[in-house]
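The values are calculated or read from the model by the stated rules, or taken from the named source; none is laboratory data. Given the structure is predicted, the values throughout are model-derived calculations rather than measurements. So basically every Cβ, Gly included, is an ideal-geometry build from the backbone, and we count neighbours across all protein chains shown.
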Amino acid sequence: MTFKIITLGCKLNFCESAAIAEGFLADGFTRAEDGENADVYIVNSCAVTGTAVAKVRHGLSKCRRENPDAVTVLCGCFPQSYPEEAALNIGADIVSGNSEKGRLVEIVRTFMRDGVKTVKVSPLPREFDESASVPDEDRTRAFIKIEDGCDRFCAYCIIPTARGRVRSLAPEKITALASQCVEHGHREIVLTGINLGCYGQELGLSLSDAVKAAEKAGVERIRLSSLEPEMMTDGEIERLKTVDALCPHFHLSLQSGSDAVLKRMNRKYDTAQYRHVADKLRETFPGCSITTDIIVGFPEETDEEFLQTVDFAREIEFAKIHVFPYSLRKGTIAAVMKQIPPYVRTDRVKMLTAAARELELKFCAKQRGTAHTVLIEKPQSAEYSHGFTESYVPVRIYGGGLERHSLVKVKITGSRDGYCTGVVI
C-alpha cells in the first residue's frame with residue numbers, strides 16, 4: 001500500500017506531516033513516487049486564509065482525479081476550525097482535526113476494514129504532543145517544532161481555534177531533536193512554532209532557553225521563525241545575544257503600521273514599541289536583517305491609516321515584507337466589522353508590494369563589499385550555486401564545486417533583482 005501527503009500552510013504542518021509519514025512507513029506503507037498514484041492521500045490543511053481553504057479543495061480534487069478508488073484523508077487546521085464545513089462540503093473519506101494526526105494510521109486502517117466514512121475532530125490537548133511532530137529534514141535547513149498554540153486572539157485570526165492554547169516542548173527534547181538533525185548532516189536548524197515568542201510560558205521558561213537547548217547539540221546555525229514584537233523584551237534580546245550560533249535574522253510580525261488599526265486588530269503593541277524592539281535588535285545584532293508580515297485592507301482601514309503603514313515600513317527599512325490582503329475568517333471578531341472593498345485591498349497590496357520591493361533592493365545593495373558565511377542550498381548549474389547568509393540574504397555564488405550543506409565564506413560583489421552575487425573568499 002502506498003501513501004502520499006500534501007502539506008499546506010506553515011512549517012509546523014511540515015513537521016507534523018513528517019511524523020505522519022513516519023507512522024505510515026512504520027506500519028508497512030511505502031511512499032508513492034512522484035507521478036505515481038497512491039492508495040492513500042492525506043491533505044494536511046491550513047485555514048489561515050480563504051486562499052488556504054481553496055487550496056485544500058483543489059488538493060483533494062486532484063487526489064480524487066489521480067485515483068478515484070484511493071482513501072482520501074483531510075486533517076489539520078481546516079477541520080479543527082470548521083468541522084461542519086469540512087465534513088459536509090469536502091467529501092473526504094476521513095476528516096480529522098489536529099489532535100488526531102498521531103493516530104491517522106489507525107484511523108485509515110479502520111476505514112479500510114469497515115468502509116465507514118469518519119469525521120473525528122477532538123478537543124485540542126493542553127500538553128505538547130511529541131508524537132505528532134518530528135523534525136522536517138527534507139530541506140537543507142531542518143525545522144523543529146518547539147511550540148504550538150496561541151493565546152493572543154487577534155481580531156482577524158482563527159489560529160487559536162485551530163491550534164489551541166500555548167504549549168511547549170521541553171528543553172531536553174529540543175536538544176535531542178537538534179542532535180538528531182546534526183547527526184544527519186544539517187548545519188542549520190530553524191526553531192518554529194505558532195507563537196514562537198511565547199515558548200515556555202507555561203514551563204517558567206522563555207525562547208532564549210529553547211535556543212540555548214538547541215545550541216547544546218553543537219549545531220552551527222540556529223534560526224528563529226516568526227516572532228511577536230511584544231515578546232522581544234530588552235532582557236530577552238540580551239539573553240539571545242549570548243548564543244553564538246543564533247542567526248541575526250528576525251522575522252518580526254508587524255501587520256499594520258497604524259496604531260489605530262493595531263488596536264482594532266487586538267494586537268498587543270503599538271508602533272512605538274515595535275520601533276524600540278527593531279532599534280534594540282539592530283543595536284545588539286549589528287547588521288541583522290528584520291523581515292515582517294503586513295496585512296492590507298483590514299476592516300475599516302482608511303487611506304490615511306494605510307499610508308501610515310507604508311511610511312512606517314520605510315522608516316523601519318525592512319529587508320523583506322510579506323504582504324497579505326486581509327482574508328475574512330468566520331468566527332473571528334473582524335468578520336463582523338465593516339469590510340474594505342476587494343478592489344481597494346488589491347490596489348493597496350500593489351502599492352505596499354512596490355514599496356517592499358524598493359526596500360528589499362536597498363537592503364541587498366547595502367551588502368556589497370561585506371563578507372558572510374553562506375549555507376549552500378544546492379548547486380543551481382555548472383556556473384553558480386545558491387545559498388543564504390546568516391542574516392538570510394539570498395546569494396548566488398559563481399564558480400562550481402560547492403556542495404549542499406556546506407558553509408562557505410563569501411564576499412558580496414553585487415546585488416540584482418532580490419538577491420546578491422558573491423565569490424568564495
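Would it be correct to say that L254 is farther than 22 Å from A355 by Cα, modelled with pLDDT of 95 or more, buried (at least 21 other Cβ atoms within 10 Å of the Cβ) and under 22 Å from the mean Cα position of the chain (by Cα)? No.
Selection of the stretch 158-182 for residues being assigned to a loop (DSSP other than H, G, I, E, B), crowded, with 22+ Cβ neighbours inside 10 Å and in contact with a Cys (Cβ under 9 Å, 6 or more places away or on another chain) yields I158, V166. Go through (1) part of a helix (DSSP H, G or I); (2) more than 22 Å from the chain's Cα centre (by Cα); (3) farther than 30 Å from Y326 by Cβ and name the single condition K62 misses. So the condition that K62 fails would be (3).
For the stretch 336-345, the criterion of a residue being in the same structural domain as I290 (by TED's automatic domain parsing), surrounded by 15 or more Cβ atoms within 10 Å (Cβ to Cβ) and in contact with a His (Cβ under 9 Å, 6 or more places away or on another chain) is satisfied by no position.
Among the residues of this structure, A86 does not count as one that is crowded, with 19+ Cβ neighbours inside 10 Å, outside the structural domain of S208 (by TED's automatic domain parsing), touching a helix residue (DSSP H, G or I) at 6+ places or on another chain (Cβ under 7 Å) and part of a loop (DSSP other than H, G, I, E, B).
Evaluation of A354 against the conditions (1) surrounded by fewer than 14 Cβ atoms within 10 Å (Cβ to Cβ); (2) assigned to a loop (DSSP other than H, G, I, E, B) shows that the sole unmet condition is (2). Just one residue in the set G97, G115, G91 is within 20 Å of C10 (Cα to Cα) and either surrounded by fewer than 22 Cβ atoms within 10 Å (Cβ to Cβ) or not assigned by TED's automatic domain parsing to the domain that holds Y269 (or both); that residue is G97. Here V105, V71 are screened, and the one residue that is in contact (Cβ under 8 Å) with a residue 60 or more places away in the chain and either touching a helix residue (DSSP H, G or I) at 6+ places or on another chain (Cβ under 6 Å) or among the aliphatic types (A, V, I, L, M) (or both) is V105.
Being surrounded by fewer than 21 Cβ atoms within 10 Å (Cβ to Cβ), of a type in the set (F, W, Y) and either under 15 Å from A260 (Cβ atoms) or over 24 Å from the mean Cα position of the chain (by Cα) (or both) is not true of F324. Given the conditions (1) under 23 Å from the mean Cα position of the chain (by Cα); (2) within 28 Å of I222 (Cβ to Cβ), and given that K366 satisfies all but one, which numbered condition is not satisfied? With (1) under 23 Å from the mean Cα position of the chain (by Cα); (2) within 28 Å of I222 (Cβ to Cβ) applied to K366, the lone miss is (1).
For the stretch 369-391, a residue qualifies if it is assigned to a loop (DSSP other than H, G, I, E, B), surrounded by 18 or more Cβ atoms within 10 Å (Cβ to Cβ) and not polar (S, T, N, Q), and exactly one does: E390.
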